[in-house]
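Undergrad: One structure follows; several queries about it will come next.
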Amino acid sequence: MRPRMSQVIDPSLDLFAEIDRLRTQRKALVLAHYYQDPDIQDIADHLGDSLDLAKRARDAKDAEVILFCGVHFMAETAKIVNPKKIVVIPDLDAGCSLADACPADQLRAWKQTHQDHYVVMYINCTAATKAESDIICTSSNAEQIIRSVPAGRPILFGPDKNLGAFLIKKTGRAMDLWPGTCMVHETFSATKIATLKAKHKDAKFIAHPECEDHVLQLADFVGSTSKLLEFVQRDAGTKYIVGTEMGILHTMHKAAPHKELIAVPYEDRTAACQGCNQCPHMKLNTLEKIYLALRDLRPRIEMPEPLRLRALLPLERMLAIS
Ligand code: 13P
Ligand code: SF4
C-alpha cells in the first residue's frame, strides 16, 4: 500500500474555484480521459483517448505541471515523453487490470522463448513492460502499428488478448497473444446486448476493441474511445448502444445532444461488481484529490532515467507513425 497524504479538506471550499486558482498558480495543464467522472471531464484543458493524451503531454510546452486525470500507466507515459514536467495524478492507486496482467519479468520470459518475434505492446502497461517492447500501440492506432511490422516477422502482442484477436482478424497477421483482459470490457454481456438490439431495432451497437470477440461480432462499428465519439457525431443514425466504459456518454451527449445513447449491459460475474460498465480505477479520481494534487504537487510520477529512456524508444516509434 502506498503512503497517503491527509485528505481532510475544508467542506466549505468551492473546489471548482480552488482548482482553477491552483492550476493558474501552478501553470498546470489538466489532461483527462473520457472515462473520468463528468465533473472531471468538464474541468480538463484537454479530454481525449490514450493516444491524444500522450501527444498532448508530449507537446505541453508552457505548462510546468501536468495533472493527469486517468490511470497510472497514462500518467507514466506523460512523464516518459515529457520528463522535464512535474507529472501528478490524483490517486496513485488508479491502476489497470491490463497493466497488472503483464509484468516486465513475465514479458522478458515470454521473449526468451520467442527470440525472433517483434514485441508490440498495448499502451496499457507499465513503463518497465514498455521498456521490454519494440513498439507500443493504442486502440486508435493498433491496426496501423501492426501493419507497420515487416511482413513475415512473427509478432508477440500483449497484454490485451481481445484487442489482439481483433487485430488478427483485421490484419490477417498471425500473432501470439498475452492472456490479459480489461476487467470492465470483459464483463459486457453478448446475450443482453442482443436482446437490447432486438428491442431497439433502430439502434447501432458501437464497441471498443477491448471487448470479447462474441461481443464485437454484434457491433456495427468498432473503435477506440475517440473513434466511437467521432462515429456518433458523424453517423446518420440517432440511437446507439455504447459498448465501452460509460464515462464517455457524458461527452457523447454534449457532442451530439439530439442522439439517444444507451449504456451497454453487463453480466454480474462477481459478487463485488457494483456497476461493471464503470472502471473502478478511473473512478478513484475525484475533485477533492485533484485539488490536493494541485495544492501539494503530489503524488508525483517518477522513474529512474535509464528506465525512462528504454520505455521512450518504443513510444517514439509509435508516435513517429501515428
Ligand atoms: P483508448 O483511450 O485508447 O480508447 O483506450 C481505452 C482504455 O483502455 C483506457 O483505459
Ligand atoms: Fe484498464 Fe479497463 Fe480501466 Fe481502461 S477501463 S483503465 S483498460 S481496467
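Undergrad: Restricting to the stretch 111-126, name every residue that is in contact (Cβ under 8 Å) with a residue 24 or more places away in the chain and away from ligand 1 (no atom under 16 Å from the Cβ).
TA: Once the filter is applied, which keeps residues that are in contact (Cβ under 8 Å) with a residue 24 or more places away in the chain and away from ligand 1 (no atom under 16 Å from the Cβ), the stretch 111-126 yields 111, 114, 116, 117, 118, 119.
Conditions (1) modelled with pLDDT of 95 or more; (2) out of contact with any Gly (no Cβ under 8 Å at 6 or more places or on another chain); (3) more than 26 Å from residue 33 (Cα to Cα), marked per residue:
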residue: 188; (1), (2), (3): no, no, no
residue: 205; (1), (2), (3): yes, no, no
residue: 213; (1), (2), (3): yes, yes, no
residue: 216; (1), (2), (3): yes, yes, no
residue: 220; (1), (2), (3): yes, yes, no
residue: 233; (1), (2), (3): yes, yes, no
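Undergrad: Also, quick follow-up: Do we find that residue 134 is touching a residue at least 60 places away in the same chain (Cβ under 8 Å), surrounded by fewer than 24 Cβ atoms within 10 Å (Cβ to Cβ) and closer than 21 Å to residue 56 by Cα in this structure?
TA: It is false that residue 134 is touching a residue at least 60 places away in the same chain (Cβ under 8 Å), surrounded by fewer than 24 Cβ atoms within 10 Å (Cβ to Cβ) and closer than 21 Å to residue 56 by Cα.
Undergrad: Then there's this: List the residue pairs whose Cβ atoms are under 6 Å apart, where the first residue sits in the stretch 218-241 and is more than 13 Å from residue 52 (Cβ to Cβ), the second is surrounded by fewer than 23 Cβ atoms within 10 Å (Cβ to Cβ) and among the acidic types (Asp, Glu), and the two are 6 or more positions apart or on different chains.
TA: 239/202; 239/260
Undergrad: Also: Need at least 1 residues that are more than 20 Å from the chain's Cα centre (by Cα) per element, so show me which helices (runs of 4 or more DSSP H) inside the stretch 69-127 make the cut, counting only ones lying wholly within it.
TA: Counting at least 1 such residues, we get 104-112.
Undergrad: Inspect the stretch 257-265 for any residue being within 16 Å of ligand 2 (Cβ to nearest atom) and modelled with pLDDT of 95 or more and give the result as yes or no.
TA: no
Undergrad: Only one residue in 291, 240 is closer than 30 Å to residue 17 by Cβ, modelled with pLDDT of 95 or more and either away from ligand 1 (no atom under 15 Å from the Cβ) or loosely packed, with under 15 Cβ neighbours inside 10 Å (or both), so which one is that?
TA: It is 291.
Undergrad: Return yes when residue 13 is part of a loop (DSSP other than H, G, I, E, B), more than 30 Å from residue 316 (Cβ to Cβ) and in contact (Cβ under 8 Å) with a residue 24 or more places away in the chain and no when it is not.
TA: yes
Undergrad: Another question, then. Residue 300 is checked against (1) surrounded by fewer than 19 Cβ atoms within 10 Å (Cβ to Cβ); (2) of a type in the set (Lys, Arg); (3) farther than 20 Å from residue 80 by Cα and fails just one. What number does that condition carry?
TA: Going through the list (1) surrounded by fewer than 19 Cβ atoms within 10 Å (Cβ to Cβ); (2) of a type in the set (Lys, Arg); (3) farther than 20 Å from residue 80 by Cα, residue 300 breaks only (3).
Residue by residue, here is whether (1) over 15 Å from residue 262 (Cβ atoms); (2) touching a helix residue (DSSP H, G or I) at 6+ places or on another chain (Cβ under 6 Å); (3) surrounded by fewer than 19 Cβ atoms within 10 Å (Cβ to Cβ) holds:
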| position | (1), (2), (3) |
| --- | --- |
| 148 | yes, no, yes |
| 153 | yes, no, yes |
| 178 | yes, no, no |
| 191 | yes, no, yes |
| 197 | no, no, yes |
| 200 | no, no, yes |
| 206 | no, yes, no |
| 218 | no, yes, yes |
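Undergrad: Turning to a different aspect of this structure: Tell me whether the stretch 54-68 contains one or more residues that are in a helix (DSSP H, G or I), under 23 Å from residue 277 (Cβ atoms) and either within 16 Å of ligand 1 (Cβ to nearest atom) or over 12 Å from the mean Cα position of the chain (by Cα) (or both).
TA: No.
Undergrad: Find the residue count for the stretch 284-322, including only residues that are part of a helix (DSSP H, G or I) and either within 21 Å of the chain's Cα centre (by Cα) or not charged (D, E, K, R) (or both).
TA: Of the residues in the stretch 284-322, 22 are part of a helix (DSSP H, G or I) and either within 21 Å of the chain's Cα centre (by Cα) or not charged (D, E, K, R) (or both).
The values are calculated or read from the model by the stated rules, or taken from the named source; none is laboratory data. Since the model is a prediction, treat every value here as computed from it, not as a measurement. Positions of Cβ are backbone-derived with ideal geometry, glycine not excepted, and every protein chain shown enters the neighbour counts.
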